[in-house]
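Take a look at the structure below.
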Amino acid sequence: MKISIYIVLLAVMASISTLVNAQEIDSKDDRLDVQVMLGTKIGGAAPLSLPREIRKIKSYSPNVPFFVGAKANYHIDSKWGLSLGLTFEGKGMDTKATVKGYKTTFNAVNDSKDELRGYYTGDITTKVHNLYLSVPIQATYQLSNHWNVQAGPYISFAVKKEFYGEAYNGYLRHEQPTGDKIIVDNADYDFKESVRNIDVGLSLGTQYAVNRKFFALAQLDYGFNNIMKNGFESISFGLHNIFMNVGVGYKLK
Amino acid sequence: MKQRRIYLWVICFMLLFSLGSCIKEEALNMEADIVGIQAEEDIFLLNPVITNNQVTVYLQPSIHDLKKLNMKFDLTPGASIELLQDSLKMPAGEQDVNKVIIDQLLKNGVYYKVVSQDKQFAKNYLIKLVKTDGGFVPTEYGFEDISIDKDEKYTIFFNKIDGEDFYNWGSGNPSFSLTLSFGGGVKEPESYPTKTTTDAHSGTKAALLETKLTGSFGAMFKKPIAAGNLFIGSFDTGPVLTDPLSATQFGLPFNQIPLALEGYYKYTAGANVTDENLKPVNMKDSCDIYAVFYNRKKLMASEPKPENRVSYLTGHNILTDPSIVAIARLENGGATAGNNFVKFVLPFKYSAKVTESDVTNLDYSIAIVMSSSKYGDNFIGAVGSKLIVDDLKIVTQK
């Protein structure tokens, strides 16, 4: 896995330099500029609204909360523009929650055919550490000298997938809420095989130009699809990548 | 102005995001359990034995007037309970429903239906009262009476004596249903480790215990085999994953002094003994048949916390607890020769004195334990080992 991260980083670097070269070629043309940016993010693989089965969120912390990327902007006129980017980013979180009557399955590792189904009540940890290579395509609009906004879709390719956790201090009702009661403690699960390779979503962001070169940025990314594959039933609700990015950028020009 | 508008957008998004993330109102309970039984007076000889679909209430020997019994069920919060009318067999001409209920509670039991708070789930419980003044653990077992669990389809052994049903036998079958669910096995009585066979010494049936592979479920939880077991007591599925030795709750009150455990058995050992990692172990499998007589009052008094007091022994202390006064055990559980039943007579070896009046007062309990693999409780045994037992008898002091 480590190696593939390096490959991705190299790819990002290479793309940035390509963009920079492209920018040099077209440097006479004011219509094109290139930005590089990096920053941190907060968010998670979250249900659109918390299902009733979740009774308490005991702890939450972002994990792998970073992004680094580059964007090429094409200015159609003084207000409107288009941008194409490439971002390497982590979308992850560590949570501890208390659930009640949560319909789930405990799988044998990486074998979805053999599973213990039922309704779980108790504590659960969820650790999601996914790394993506994302391509955002955005429309940009210049609001003022300092401010501009961007919006548009993105497509993300998972380069590293981690989704695991533990059920503890709880019990499972076998098959039905009226089924046999089985105490569950330290039961591990690993769902990484069920994480989708592709995530599609929409971004909405804004940039504030501090000066001609540097800018600050904030962007909300919202994933349209459930990050888990179709047919995955161990979590009864869809999980969407929802993240707020905050960072800084530099205009190469 | 424009700047302010952007702030507003961001704030709107944050609000949407956080609003959607609020903890919702708690859903109504889906569970429909009887979790306890309350009575105004001290009418219980021991804590009622409550499984997932059966409740057995052992009454104090001094309780005679059952019409005054005032019992209340503790249920999952919000759940409701009602008598299943069609489980009540009203004799012709009988008008007094309460009398019929009590009679039937004592004889065959009465079904009650518990409905969950959200009304989506319901469960039937067989409620059985046991009067204990005459001594209530039968002394002879032909293993002729069985019932099949409605949902999981495993065999349950009970005893019919003078028209009254005694549910004294427990087995690990309820936990094996997890294996069958997990590996997609067929849920039928023959799939389970503890079942019945027509290969009987007398009558038409005998108990058949067979050591089984637990497949991928066992691989996941490091419990690769399940020995067939049958014992006086009850089985609690709660700790099967976390502490399986405590899932077996051995022993019920007994008011006679046991002298010997007799019966007929035949045993064939499976070919390859394996350990908890399913690694081969160089030994022959053997069965286990034993009975333990223990001072239940002493056992309960030894636990300082009232809420932790239990009336039964478990896999942790069934042969070692200080309250044990006598053990009768099959010395050599190896394969029996030929295909014939072999008689065994196991004398109770007493290690402590027993006061007869205490026994008569039901201070003592007895446990009979049988297993198709002697070390099956530690997941050591041979798949395919088969123990057949019939015509078990506790010989008592007259």
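The values are calculated or read from the model by the stated rules, or taken from the named source; none is laboratory data. Computed from a predicted structure; not experimentally measured. Cβ placement follows ideal geometry from the backbone for every residue including glycine, while neighbour counts extend to all protein chains displayed.
No other residue among B:263, B:251 is more than 12 Å from chain A (Cβ to nearest Cβ), within 25 Å of residue B:201 (Cβ to Cβ) and not aromatic (Phe, Trp, Tyr) apart from B:263. Checked against (1) hydroxyl-bearing (Ser, Thr, Tyr); (2) within 13 Å of chain A (Cβ to nearest Cβ); (3) closer than 18 Å to residue B:384 by Cβ, residue B:192 meets all criteria but (2). Given the criteria buried (at least 19 other Cβ atoms within 10 Å of the Cβ) and outside any strand (DSSP E or B), does residue B:263 qualify? No; evaluated as a whole, the condition is false for this residue. Among residues of segment B:288-303 that are acidic (Asp, Glu), those with a beta-carbon under 8 Å from a residue that is assigned to a strand (DSSP E or B) and surrounded by fewer than 23 Cβ atoms within 10 Å (Cβ to Cβ) at least six positions away or on a different chain give the pairs B:288/B:329. Does residue B:352 count as assigned by TED's automatic domain parsing to the domain that holds residue B:288 and within 20 Å of residue B:288 (Cβ to Cβ)? Considered against the rule, which asks whether it is assigned by TED's automatic domain parsing to the domain that holds residue B:288 and within 20 Å of residue B:288 (Cβ to Cβ), residue B:352 comes out as no.
Set side by side, the residues A:63, A:73 differ, and just one is under 19 Å from the mean Cα position of the chain (by Cα) and away from chain B (no Cβ under 14 Å), which is A:63. Among residues that are without any contact (Cβ under 8 Å) to a residue 12 or more places away in the chain, under 21 Å from residue B:47 (Cα atoms), assigned by TED's automatic domain parsing to the domain that holds residue B:143 and touching a Ser or Thr at 6+ places or on another chain (Cβ under 8 Å), residue B:253 is not included.
Restricting segment B:286-317 to residues that are polar (S, T, N, Q) and surrounded by fewer than 19 Cβ atoms within 10 Å (Cβ to Cβ), the residue that is farthest from the chain's Cα centre (by Cα) is B:302. Flag not set for residue A:245, criterion: more than 10 Å from every other protein chain (Cβ to nearest Cβ), modelled with pLDDT of 90 or more and surrounded by fewer than 16 Cβ atoms within 10 Å (Cβ to Cβ).
Note down all Cβ pairs under 6 Å where the first residue falls in segment B:83-110 and is touching a residue at least 24 places away in the same chain (Cβ under 8 Å), the second is part of a loop (DSSP other than H, G, I, E, B) and surrounded by fewer than 16 Cβ atoms within 10 Å (Cβ to Cβ), and they're at least six residues apart or on different chains. Pairs found: B:107/B:163. From the list B:312, B:350, the lone residue that is of a type in the set (Phe, Trp, Tyr) and within 30 Å of residue B:214 (Cα to Cα) is B:312. Considering the conditions (1) touching a Ser or Thr at 6+ places or on another chain (Cβ under 7 Å); (2) buried (at least 19 other Cβ atoms within 10 Å of the Cβ), residue A:173 is excluded by exactly one of them, (1).
Only one of B:339, B:317 is assigned to a loop (DSSP other than H, G, I, E, B) and at pLDDT 95 or above. Can you tell me which?
Exactly one residue qualifies, and that residue is B:317.
Can you give me the number of residues within segment B:293-340 that are among the aliphatic types (A, V, I, L, M) and in contact with an Asp or Glu (Cβ under 6 Å, 6 or more places away or on another chain)?
First, pick out the residues of segment B:293-340 that are among the aliphatic types (A, V, I, L, M): B:299-301, B:310, B:313, B:318-319, B:324-328, B:330, B:335, B:337.
In the following step, the residues that additionally are in contact with an Asp or Glu (Cβ under 6 Å, 6 or more places away or on another chain) were identified as B:313.
Total satisfying the criteria: 1.
Could you list, in sequence order, all residues of segment A:150-191 that are outside any strand (DSSP E or B), more than 7 Å from chain B (Cβ to nearest Cβ) and on the phi > 0 side of the Ramachandran plot? Residue satisfying the conditions is A:186 alone.
Taking every residue in segment A:180-205 that is within 30 Å of residue B:150 (Cα to Cα) and pairing it with any residue that is charged (D, E, K, R), at least 6 positions away or on another chain, the pairs with Cβ-Cβ distances below 7 Å are A:181/A:173; A:187/A:166. Looking at segment B:240-252, can you tell me whether even one residue there is assigned to a strand (DSSP E or B), at pLDDT below 95 and touching a strand residue (DSSP E or B) at 6+ places or on another chain (Cβ under 6 Å)? Checked segment B:240-252: at least one residue is assigned to a strand (DSSP E or B), at pLDDT below 95 and touching a strand residue (DSSP E or B) at 6+ places or on another chain (Cβ under 6 Å). Identify, by number, the condition in (1) surrounded by fewer than 19 Cβ atoms within 10 Å (Cβ to Cβ); (2) away from chain B (no Cβ under 14 Å); (3) at pLDDT below 95 that residue A:112 doesn't meet. For residue A:112, the failing item is (2). From the list B:245, B:213, the one residue that fits, being touching a Pro at 6+ places or on another chain (Cβ under 9 Å) and either within 11 Å of another protein chain (Cβ to nearest Cβ) or farther than 18 Å from residue B:315 by Cα (or both), is B:213. From the list A:99, A:20, the lone residue that is more than 21 Å from the chain's Cα centre (by Cα), surrounded by 14 or more Cβ atoms within 10 Å (Cβ to Cβ) and modelled with pLDDT of 90 or more is A:99.
Within segment A:28-51, the residues that satisfy the criterion of being touching a residue at least 24 places away in the same chain (Cβ under 8 Å), more than 25 Å from residue A:248 (Cα to Cα) and part of a loop (DSSP other than H, G, I, E, B) are A:47, A:48, A:51. Could you say whether any residue in segment B:216-233 is within 11 Å of chain A (Cβ to nearest Cβ) and assigned to a loop (DSSP other than H, G, I, E, B)? Checked segment B:216-233: no residue is within 11 Å of chain A (Cβ to nearest Cβ) and assigned to a loop (DSSP other than H, G, I, E, B). Looking at B:178, B:209, B:230, just one residue is surrounded by 20 or more Cβ atoms within 10 Å (Cβ to Cβ), touching a residue at least 40 places away in the same chain (Cβ under 8 Å) and touching a Cys at 6+ places or on another chain (Cβ under 8 Å), and that residue is B:209. Counting just the residues of segment B:93-128 that are surrounded by 14 or more Cβ atoms within 10 Å (Cβ to Cβ) and of a type in the set (Lys, Arg), which one comes out nearest to the other protein chains (Cβ to nearest Cβ)? Once the filter is applied, the top-ranked residue is B:123.
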